[in-house]
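Everything below concerns the one structure shown next.
The values are calculated or read from the model by the stated rules, or taken from the named source; none is laboratory data. Because the structure is predicted, anything quoted here is derived from the model rather than measured. Positions of Cβ are generated from backbone atoms using ideal geometry, with glycine treated the same way; all protein chains shown enter the neighbour counts.
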Amino acid sequence: MSDIKRDPTPVDRNLAMELVRVTEAAALAASAWVGRGDKNSADGAAVDAMRRAFDTVAISGTVMIGEGEMDEAPMLYIGEKVGLGGPQVDIAVDPLEGTSITAKGGPNAIAVLAVAEAGGFLHAPDIYMEKIAVGPNLPAGVVDLDASPEENLRELARAKKCSVNDLVVCMLDRDRHQETIRACRAAGARIMLLGDGDVAGVVACSQPDAGVDMYLGSGGAPEGVLAAAAFRCIGGQLQGRLLYEDDSQIERAKAMGITDPHRKFATHEMARGEVMFAATGVTTGAFLRGVRRTAAGAITHSIVMRSKTGTVRYVEGHHNLTLKPGAFFG
């Protein structure tokens, strides 16, 4: 009898690669629309391809973060059941994060999803979330949403044993961030502005080669949950707090189970338990290369992570689409 100790949960390990195939499908479909000025068609192609790819995965999944409510989205709507059957899991998806930048041919568009144990994801409404994030291997509480940009930069520089002038802060290029941008620059930091795609921006903080030290600013709350799933796998610190435009949004958050609408959520409160995260580049960005067309098909670049082991894998896929014409490009 063999003395080799086997992984007691091989399904989990195999599932990670199945998730990559799902994000690859969405990215390949969206790539046909890069630079064509039609963000709705790009998004629609990604959603359709991701939904069909889920039909091949051995899970019993429920979409908790998706394209919207059932009456707003024909596929991947909140509450939709996906998968062939298997472990009960919750799903968070953004089939095309960066619809506008895909349409314009800009950087950092990705297809992204995360899977957690049932009940593992914060049920966040589709509103804005204030966020701050830094990478792993830093003292706990080194940055805080309630501190000023200057204070956070000073503490981060101290922890990294560098000057504030050496730090790069990433945020979305939005008018609402002008005051924060001025404060960071006045403190001496440099700014990396994204046209779209704050999941990619947050995750870039954890990648040594991305050149990003801190993410700051407001973006979508669902994207905050997806980013938290990634941070559960790779480490780092992420805080998020929901931002409301009116009382109806506060009531919606309460109806979704958020008892304290002004709570400052930590990473583990947005993505709990065992978590997996996968993303495939649509256009080249801070940590993933975009889809590259070849004579036979395409090459994709993906990342897949597991919180259970802390394993991060980069996957380069070579897709010979001449074998199945139109399989992903539609």
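The set of residues from the stretch 191-208 being surrounded by fewer than 16 Cβ atoms within 10 Å (Cβ to Cβ) and either touching a Ser or Thr at 6+ places or on another chain (Cβ under 6 Å) or closer than 25 Å to LYS104 by Cα (or both) comprises LEU193, GLY195. Just so you know, in the stretch 64-73 the residues that are surrounded by 22 or more Cβ atoms within 10 Å (Cβ to Cβ) and assigned to a loop (DSSP other than H, G, I, E, B) include one that is nearest to the chain's Cα centre (by Cα), and it is GLY66. Here the stretch 282-303 is the region considered, the condition is being of a type in the set (Val, Ile, Thr), in contact with a helix residue (DSSP H, G or I) (Cβ under 9 Å, 6 or more places away or on another chain) and part of a strand (DSSP E or B), and the residue that is nearest to ALA227 (Cα to Cα) is ILE303.
Annotation note: Cβ proximity below 6 Å between a residue of the stretch 253-281 that is touching a residue at least 60 places away in the same chain (Cβ under 8 Å) and of a type in the set (Asp, Glu) and a residue that is crowded, with 21+ Cβ neighbours inside 10 Å and in a loop (DSSP other than H, G, I, E, B) (sequence gap 6+ or interchain) occurs for GLU274/SER307. If I go through the stretch 256-281 residue by residue, how many of them are closer than 30 Å to GLU316 by Cβ and part of a strand (DSSP E or B)? Going through the stretch 256-281 one residue at a time, the tally reaches 8. Considering only residues in the stretch 71-88 that are touching a residue at least 24 places away in the same chain (Cβ under 8 Å) and touching a Lys or Arg at 6+ places or on another chain (Cβ under 9 Å), the one that is nearest to VAL115 (Cα to Cα) turns out to be VAL82.
Among the residues of the stretch 52-63, is there at least one that is in the same structural domain as LYS308 (by TED's automatic domain parsing), part of a helix (DSSP H, G or I) and buried (at least 19 other Cβ atoms within 10 Å of the Cβ)? Yes - at least one qualifying residue is present in the stretch 52-63.
Of the residues in the stretch 237-248, not one is in contact with a Leu (Cβ under 6 Å, 6 or more places away or on another chain), surrounded by 24 or more Cβ atoms within 10 Å (Cβ to Cβ) and of a type outside the set (D, E, K, R). Within the stretch 87-111, the set of residues being part of a loop (DSSP other than H, G, I, E, B) and in contact with a Ser or Thr (Cβ under 6 Å, 6 or more places away or on another chain) comprises PRO107, ALA109.
Within the stretch 79-102, the residues that satisfy the criterion of being over 20 Å from GLU274 (Cα atoms), crowded, with 23+ Cβ neighbours inside 10 Å and not polar (S, T, N, Q) are PRO95, LEU96, GLU97, GLY98, ILE101.
When ALA133, ALA114, ALA124, ALA147 are checked against the criterion of being at pLDDT 95 or above, within 15 Å of the chain's Cα centre (by Cα) and either outside the structural domain of VAL282 (by TED's automatic domain parsing) or in a loop (DSSP other than H, G, I, E, B) (or both), a single residue qualifies: ALA133. Is it the case, given these coordinates, that ALA92 is in contact with a Cys (Cβ under 9 Å, 6 or more places away or on another chain) and in contact (Cβ under 8 Å) with a residue 12 or more places away in the chain? No, not satisfied.
I'd like to check something: does the stretch 184-197 contain any residue that is over 22 Å from ILE303 (Cβ atoms), outside the structural domain of VAL63 (by TED's automatic domain parsing), modelled with pLDDT of 95 or more and in a strand (DSSP E or B)? Yes, that holds for at least one residue. Residue count for the stretch 155-174 under the criterion of being surrounded by 16 or more Cβ atoms within 10 Å (Cβ to Cβ), over 21 Å from the mean Cα position of the chain (by Cα) and in contact (Cβ under 8 Å) with a residue 24 or more places away in the chain: the result is 4. Say we look at the stretch 219-243 and pick out the residues that are outside any helix (DSSP H, G or I) and touching a Pro at 6+ places or on another chain (Cβ under 7 Å); which of these is farthest from VAL203 (Cα to Cα)? Here the answer is LEU242. Residue count for the stretch 22-42, restricted to those that are surrounded by fewer than 24 Cβ atoms within 10 Å (Cβ to Cβ) and assigned to a helix (DSSP H, G or I): 3. Criterion applied to LEU76, LEU19 was being surrounded by 19 or more Cβ atoms within 10 Å (Cβ to Cβ) and on the phi > 0 side of the Ramachandran plot, and the one residue passing it is LEU76.
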